[in-house]
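As structure tokens, the structure follows; a few thoughts come after it.
Since every read-out is calculated from the coordinates, none of them should be taken as a lab result. Everything numeric in this text was worked out from a predicted model, so none of it was measured. In this analysis, Cβ positions are derived from the backbone assuming ideal geometry, glycine residues included, and neighbour counts consider all displayed protein chains.
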Amino acid sequence: MTMAPVTGKVICAGLGPGDPELMSLKAARTIGSARHVAYFRKEGRAGQARRIVEGMLPLDAIEHPMEYPVTTELPFDSPEYTDALARFYDDWANRLASLAATQDVVVLCEGDPFFYGSFMHLHSRLQGRVPVEVIPGITGMTGCWNATDTPITWGDDVLTVLMGTLPEEDLVRHMQTADALVVMKTGRNLPRVRRALERAGRLDQAWLVERGTMPNQRVARLAGVDAADCPYFAIVLVHGHGRRPEIAE
């Protein structure tokens with residue numbers, strides 16, 4: 001009697017904004033029973049995703065650190081950066097597909113995998129090769145605006161999400177017309193983001209949330225933060241001011 005080959009799949013678990021308790025039950029169960037676990041990190045670093053799941057992995061889990069070939073060493077829009085990342089994602093898609101041919105492999109992803117997550121680049125390369133399952137997660141920006149203890153939108157406010165990597169003129173244009181704002185990918189781009197907010201007349205309304213929901217969380221008015229202070233894990237927020245619910249007397 002011929003046995004059918006055992007096959008697995010790639011499961012991407014969204015970890016949420018950083019606090020392990022904000023992870024979904026499904027993600028936690030999947031991580032707690034994982035045999036193979038892959039996660040992104042910078043060379044020589046533990047990796048933020050791996051830190052979030054500390055103490056959750058089975059003792060016999062096999063770890064596969066996916067170390068970026070470049071992070072901030074090259075301009076993100078340079079041909080060298082694009083080529084290095086493309087080869088990196090190609091290589092890891094091949095490795096994951098090989099593993100998933102016989103067993104499940106769990107890929108960790110901060111926030112939500114389909115919201116600017118690095119896993120998206122693997123997802124597109126794995127299509128048609130192996131089964132892929134994505135477990136949603138709370139986005140990092142959601143954790144950050146809750147950290148300010150103020151609703152990000154009111155009434156008919158429109159929320160605009162921007163990347164700090166955009167040209168300054170584009171940032172200014174969007175900031176001038178948006179009701180509520182989230183600016184991601186700040187880091188070394190924070191000075192440009194500050195200038196754009198100031199030019200748009202919105203710097204005084206802006207918040208900087210660093211490592212939202214984590215033990216070393218910092219919430220501060222951006223105007224009061226030293227211009228040279230450019231934390232990597234940070235999001236800039238501007239709350240909307242639309243129609244608010246009336247409070248009964």
Förster radius 41 Å - calculated FRET efficiency between TYR232 and ASP91, Cβ distance, rounded to 0.05: 0.95
Ranked by how many other beta carbons lie within 10 Å on average, peptides 92-98, 80-86, 168-174 from highest: 92-98, 168-174, 80-86
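From largest to smallest, what semi-axes in whole angstrom does the chain give when each is the square root of 5 times an eigenvalue of its alpha carbon gyration tensor?
Taking √(5λ) for each Cα gyration eigenvalue gives 36, 21, 16 Å.
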Kirkwood-based Rg to Rh ratio, region 21-167, C-alpha trace: 0.99
Cβ-Cβ FRET estimate between HIS64 and SER33, R0 fixed at 22 Å, reported to 0.05: 0.85
Under-5 Å amide H pairs with ALA234, H placed in peptide plane, nonlocal only: THR186, GLY187, ARG211
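Cβ neighbours within 10 Å, averaged per peptide: list 180-191, 103-114 in order, most packed at the top.
103-114, 180-191
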Set of aspartates and glutamates near LYS185 by C-alpha distance (under 13 Å), chain-local residues within fewer than 8 positions excluded: GLU210
ARG188 versus ARG173: modelled label distance in nm, points set 7 Å from Cα along the beta carbon direction: 2.5
Extension gain (nm, one decimal) between TYR116 and LEU159, 0.36 nm per residue minus Cα-Cα: 13.9 nm
Whole-Hz ³J(HN,Hα) from phi, Karplus 6.51 cos²θ - 1.76 cosθ + 1.60, for region 78-90, glycine and proline x: 7, x, 5, 5, 4, 5, 5, 5, 4, 5, 4, 5, 4
Charge dipole of the chain about the Cα centre (unit charges at C-beta), most positive-ward option of LEU197, SER98, GLN176: SER98
Distance between modelled label sites at SER124 and LYS9, nm, 7 Å Cα→Cβ extension: 2.3
Relative contact order, percent, region 12-89 [alpha-carbon distance under 8 Å, six or more residues apart]: 26
